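Report on the structure given below.
The values are calculated or read from the model by the stated rules, or taken from the named source; none is laboratory data. Everything numeric in this text was worked out from a predicted model, so none of it was measured. Please note: Cβ atoms are built from the backbone with ideal geometry, for glycine as well, and neighbour counts cover all protein chains shown.
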Amino acid sequence: MKVIIIGATSAIAHETAKCFAKHSAELFLVGRDDAKVTVVANDLKVRGAKRVATFVLDLSELDRHQQMFDSAVATLHSIDMLLIAYGTLGNQRLCEQSVAETLQQFTNNCTSVISLLTISANYFEQQRHGCIAVISSAAGDRGRQSNYIYGTSKAAVSTFLQGLRNRLYKAGVSVVTIKPGFVDTPMTVHLKKGPLFASARSVGEGVYHAMKQGSDIVYLPWFWRPIMIVVRSLPESIFKRLSL
Ligand SMILES: NC(=O)c1ccc[n+]([C@@H]2O[C@H](COP(=O)([O-])OP(=O)(O)OC[C@H]3O[C@@H](n4cnc5c(N)ncnc54)[C@H](OP(=O)(O)O)[C@@H]3O)[C@@H](O)[C@H]2O)c1
């Protein structure tokens, strides 16, 4: 199994990568911090990965995406699976005061993901097999005042993936949308933890199983699916009055 993991230093992605390593996968890890990527790569080698290659890239540098993808293909020779796992929660209040910050967050969480998906979709469509998975978020299911810049980015990514899944179905390529709820990772370190928080390990393992099964849309943990059905069904006349 040959797998590219983009955003490999993410706590969730690292847990998913451990599952691949356990099954002797060949991994191509992409992250922006050389030292962190090296730590993850060394860990995965010890855990059984057949081979681990790394590529250091700040993924907001869109004009280097093609170079990174070409390097992955040249290194692995073929690609069975791709996971896009990076993202930033951003500061909603700061975004409300700054167009530049809003657009920067949107580029990091959405435009750059769409760039990578456009490049990789053409590769997988020609290859006629494989799996593309992206960690989106349950936060994209409905806009809330506390994080609608982040939520908008994830909603756009989820809709893009829906179209891509429909396009690539005929080519035998699965497109997996992962929608976690709250996960205890560095991204949420500042948030007060409650019973709805899941561990990075359980979510990372869920991502692995969803990719192996070629699922369509997966909520992690599962209970976010019924929660979001309720959240989406609330009429706007009520929802707009809530402090969410
Ligand atoms: N944690 C949650 O509650 C939650 C819920 C729903 C969805 N998600 C999504 O899950 C995914 C993984 O997040 P996580 O929870 O595992 O948090 P995390 O451990 O903080 O991981 C986020 C990762 O994104 C990387 N990153 C951000 N911007 C980047 C850029 N421009 N170029 C390269 N790498 C970049 C970070 O790199 P550095 O380590 O170098 O900073 C970090 O490895 C994200 O897409 C997130 O939106 C998380």
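Below is a table of values for the structure above.
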{"item": "Output for region 36-63, where each listed residue is in contact with a helix residue (DSSP H, G or I) (Cβ under 8 Å, 6 or more places away or on another chain), within 13 Å of the ligand (Cβ to nearest atom) and assigned to a loop (DSSP other than H, G, I, E, B)", "result": "LEU57, LEU59, SER60"}
{"item": "Residue check for SER71: under 18 Å from the mean Cα position of the chain (by Cα), more than 26 Å from SER199 (Cα to Cα) and of a type in the set (Ser, Thr, Tyr)", "result": "no"}
{"item": "Matching option when the condition is of a type in the set (A, V, I, L, M), touching a Ser or Thr at 6+ places or on another chain (Cβ under 9 Å) and either in contact (Cβ under 8 Å) with a residue 40 or more places away in the chain or closer than 22 Å to THR9 by Cβ (or both), among VAL203, VAL175", "result": "VAL203"}
{"item": "Residue tally, condition assigned to a loop (DSSP other than H, G, I, E, B) and either hydrophobic (A, V, I, L, M, F, W, C) or surrounded by fewer than 16 Cβ atoms within 10 Å (Cβ to Cβ) (or both), over region 64-90", "result": "6"}
{"item": "Cβ-Cβ under 6 Å pairs, at least 6 apart or on other chains, region 136-153 side under 17 Å from VAL183 (Cβ atoms), far side β-branched (Val, Ile, Thr) and within 13 Å of the ligand (Cβ to nearest atom)", "result": "SER136/VAL157; SER136/THR177"}
{"item": "Verdict on ARG47 being in contact with an Asp or Glu (Cβ under 9 Å, 6 or more places away or on another chain) and either of a type in the set (D, E, K, R) or more than 16 Å from ILE79 (Cβ to Cβ) (or both)", "result": "no"}
{"item": "Residue check for LEU76: touching a residue at least 60 places away in the same chain (Cβ under 8 Å), out of contact with any Lys or Arg (no Cβ under 8 Å at 6 or more places or on another chain), over 19 Å from ILE149 (Cβ atoms) and aliphatic (A, V, I, L, M)", "result": "no"}
{"item": "Residue among LEU82, LEU76 that alone is touching an Asp or Glu at 6+ places or on another chain (Cβ under 8 Å) and within 14 Å of SER120 (Cβ to Cβ)", "result": "LEU76"}
{"item": "Exclusive hit being farther than 22 Å from VAL175 by Cβ and either modelled with pLDDT under 95 or touching a strand residue (DSSP E or B) at 6+ places or on another chain (Cβ under 6 Å) (or both), set THR75, THR88, THR102", "result": "THR75"}
{"item": "Tally, over region 15-35, of residues that are surrounded by fewer than 24 Cβ atoms within 10 Å (Cβ to Cβ), within 10 Å of the ligand (Cβ to nearest atom) and farther than 24 Å from GLN67 by Cβ", "result": "1"}
